[in-house]
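The values are calculated or read from the model by the stated rules, or taken from the named source; none is laboratory data. What you are looking at is a predicted structure, and each value in this text was computed from that prediction instead of being measured. All Cβ positions, glycine included, derive from the backbone under ideal geometry; neighbour counts span all protein chains shown.
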Amino acid sequence: MPPDAQTSRSVARRIPAAFPALALLALLALSTGGCFVASESAKDKAGSAQGKGSYGVAYLVSVSRPVGGTITSADGQINCGPTGSSANLCAPASFPWTSEASLTATPNSDRRFSTWAGDCSGPGTCTLDTVRNGADKWVVAVFPPKAALPGVYFIVSVAKPAGGTIRDTNGLIACGADGNICGPAMYPWAQEVFLTATPAAGNSSIGWTGDCAGTGPCRLSAGPEASDKSVGFSFSDASGQPIPIIVPGPPGSAGVISINPAAATLPACKATVFTATVTSASDSALNWTVVEAGGGTVVNGIYTAPQTPGTYHVVATSAADGSRTAQATVIVGPEKVLSVAVAPGTGSVLPNGQLAFAATVTTSCGTFPAR
């Protein structure tokens with residue numbers, strides 16, 4: 001079966017049956033630029049124009065023209081952008097049989113890179129060769145919009161956890177120890193999304209961060225805010241210590257090179273997770289601190305905001321080289337009111353009598369008597 005057909009069927013399996021026809025057309029058009037409709041004919045035309053690779057000598061790499069971004073190869077043979085752009089090197093490129101073809105997907109300013117399809121999958125760089133992928137190759141890059149499209153879909157992103165895996169019930173997210181599909185994933189506007197977090201053997205759950213809280217299933221929907229959603233989950237090891245969320249970079253001298261996200265906004269007393277990328281997997285230890293006194297706490301990248309609103313800064317420092325640091329800005333807003341309760345719920349009183357009620361307010365910082 002050609003890669004195009006495989007990809008089309010894979011995507012079709014992932015689209016909920018309840019997705020309205022209009023929303024389905026919009027989703028496919030926005031996420032793939034129609035590549036799953038036209039890629040087969042485009043691939044056939046490219047193949048007939050250029051021929052096929054010569055087994056043992058060279059292989060061909062074809063790309064479908066993307067919508068919302070550009071695909072480039074490290075050697076410059078491929079530079080393929082949207083229709084009408086100046087990036088028109090989309091025809092099959094020939095690579096020596098024993099060499100690798102390295103492709104990069106770069107989104108436009110209003111898009112984000114989601115995943116590869118075809119002979120590559122997942123985010124990151126697409127690396128092709130004849131050992132892992134056989135003969136001629138074909139890929140397409142998916143660039144969904146950065147923001148939700150009201151009435152059609154909303155977007156969910158997941159911070160890759162350490163020590164466990166986050167999954168959704170639709171098969172669009174499998175992120176962590178057992179998968180690298182971390183989104184952003186698009187869901188029908190009216191659909192609820194359920195995420196579960198499962199610790200790896202010997203680990204335990206700490207809880208959700210971002211747009212979910214607690215340790216149970218995370219339930220997301222577009223909601224009245226019509227905003228995209230972002231969540232993370234933290235796990236602890238067998239000794240009860242939080243597992244650092246550290247993404248090792250390529251081998252080299254030790255030191256922090258980046259922190260993600262670079263900025264975050266959250267209500268008072270809420271928590272969020274920062275990840276740091278270090279330059280060496282063999283020396284990835286980090287020290288986490290908050291610059292401002294009273295600016296909250298951070299343990300292994302898990303930042304908890306203070307009760308006082310303000311702007312604070314989280315710093316990750318290489319334990320091996322204190323001169324290597326990365327800093328993120330956190331804007332802490334007022335407490336978020338979650339619920340108000342009145343007790344008793346009902347009551348009766350005689351004429352001219354009195355009945356006492358008590359009210360409590362639950363916020364992101366706790367539950368307090370109403371004043």
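Per the listing V340, V298, the residue uniquely modelled with pLDDT under 90 and either aromatic (F, W, Y) or assigned to a strand (DSSP E or B) (or both) is V340.
Looking at A190, is it outside any strand (DSSP E or B), in contact (Cβ under 8 Å) with a residue 24 or more places away in the chain and crowded, with 21+ Cβ neighbours inside 10 Å? For A190, the condition - outside any strand (DSSP E or B), in contact (Cβ under 8 Å) with a residue 24 or more places away in the chain and crowded, with 21+ Cβ neighbours inside 10 Å - is not met. Can you tell me which residue is farthest from V140 (Cα to Cα) among those in region 110-126 that are at pLDDT below 80 and polar (S, T, N, Q)? My answer is S114. Scanning region 301-311 for residues that are outside any loop (DSSP other than H, G, I, E, B) and of a type in the set (V, I, T) returns I302, T304, T311. Contact map, region 160-173: first residue at positive phi and assigned by TED's automatic domain parsing to the domain that holds V193, second residue part of a loop (DSSP other than H, G, I, E, B) and among the charged types (D, E, K, R), Cβ cut-off under 7 Å, separation 6 or more or different chains; pairs are G163/D237. When residues in region 343-371 are screened for being surrounded by 10 or more Cβ atoms within 10 Å (Cβ to Cβ) and assigned to a strand (DSSP E or B), 10 of them pass. Scanning region 140-158 turns up one or more residues that are surrounded by fewer than 22 Cβ atoms within 10 Å (Cβ to Cβ), basic (K, R) and in contact with a Pro (Cβ under 9 Å, 6 or more places away or on another chain). Counting just the residues of region 263-288 that are modelled with pLDDT of 80 or more and exposed (fewer than 15 other Cβ atoms within 10 Å of the Cβ), which one comes out farthest from the chain's Cα centre (by Cα)? Out of the qualifying residues, it is N287. Is it fair to say G56 is closer than 24 Å to S114 by Cβ, modelled with pLDDT under 85 and out of contact with any Pro (no Cβ under 8 Å at 6 or more places or on another chain)? So G56 fails the test.
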